[in-house]
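Visitor: Below: one structure in structure tokens.
We did not get these values from a lab; they are worked out from the coordinates using the rules stated. The shown structure was predicted, so the numbers you read here are calculated from the model rather than taken from an experiment. Because the Cβ atoms are built from the backbone with ideal geometry, glycine has one as well, and the counts that use them run over all protein chains shown.
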């Protein structure tokens with residue numbers, strides 16, 4: 001298994017692996033400096049869309065992955081999302097991914113957010129998974145935290161195997177296959 005370079009990422013993006021795709025690093029929107037996104041040396045920095053689901057404890061419910069109460073979230077559509085202290089929000093990537101059968105993709109948060117106590121959590125993107133990636137932002141601080149839409153939030157690393165897997169996510173009929181928008185837990 002090997003980690004893939006910018007050259008490989010550009011070649012695979014031309015085949016539809018990432019849409020929309022930015023071949024370089026974008027650091028400015030006009031004159032304004034932003035948190036970078038696009039192709040890096042050995043990965044791809046994804047952007048957060050402007051759709052958020054901010055966790056709230058207004059209903060005093062129990063968080064249960066087998067029976068998740070959608071009322072535990074407040075929907076926000078904005079260029080900025082404020083996450084309450086010691087809470088979290090869900091979002092999605094701007095980019096839509098189609099992972100090749102011989103590739104596993106791992107996501108790590110960007111250091112700009114990590115240095116502010118904001119942790120990005122994403123499970124691996126398995127071979128032949130496709131969709132918008134649901135992002136979870138945890139605010140580990142005792143203060144409100146800000147997330148910026150349409151700017152970089154996390155980096156995808158692509159690991160290519162020297163052999164094709166026997167059973168892919170698509171073969172198994174994975175429950176999050178083809179997801180669009182922010183997707184809540186399913187069982």
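Visitor: Pick out which of 120, 164, 133 has the largest mean-square fluctuation in a Gaussian network model of the chain, springs linking Cα atoms closer than 10 Å.
Guide: 164
Visitor: At 7 Å along Cα-to-Cβ for each site, give me the label-to-label distance between residue 175 and residue 27 in nm.
Guide: Distance between label points: 4.3 nm.
Visitor: Using 0.36 nm times the number of residues separating residue 183 and residue 69, minus their current alpha carbon distance, what extension gain do you get?
Guide: 39.7 nm
Visitor: Given the options 143, 125, 157, state which has the largest fluctuation in a GNM of the chain using a 10 Å cut-off (strictly under) for Cα springs.
Guide: Most flexible of the set in this elastic network: 143.
Visitor: Relative contact order for the chain: what percent, with Cα pairs under 8 Å and sequence separation of 6 or more?
Guide: 28
Visitor: Where does each of 87, 111 land when they are ranked from fewest to most other beta-carbon atoms within 10 angstrom?
Guide: The fewest-first ordering by Cβ neighbours comes to 111, 87.
Visitor: Beyond 23 Å, what percent of the Cα pairs of the range 2-160 remain?
Guide: Result: 39 percent of Cα pairs exceed 23 Å.
Visitor: Which one, 77, 110, 66, has the greatest fluctuation when you compute a Gaussian network model over the chain with C-alpha springs under 10 angstrom?
Guide: 66
Visitor: Separate question: Report the FRET efficiency, 1/(1 + (r/R0)^6), for residue 82 and residue 159, where r is their Cβ-Cβ distance and R0 is 45 Å, rounded to 0.05.
Guide: Approximately 0.85, to the nearest 0.05.
Visitor: Residue separation times 0.36 nm, minus the C-alpha to C-alpha distance between residue 8 and residue 41: what's the value?
Guide: Net length gain for the segment: 10.9 nm.
Visitor: Give the calculated FRET efficiency between residue 146 and residue 166 to the nearest 0.05, with a Förster radius of 41 Å applied to their Cβ-Cβ distance.
Guide: Computed FRET efficiency for residue 146 and residue 166 comes out at 0.40.
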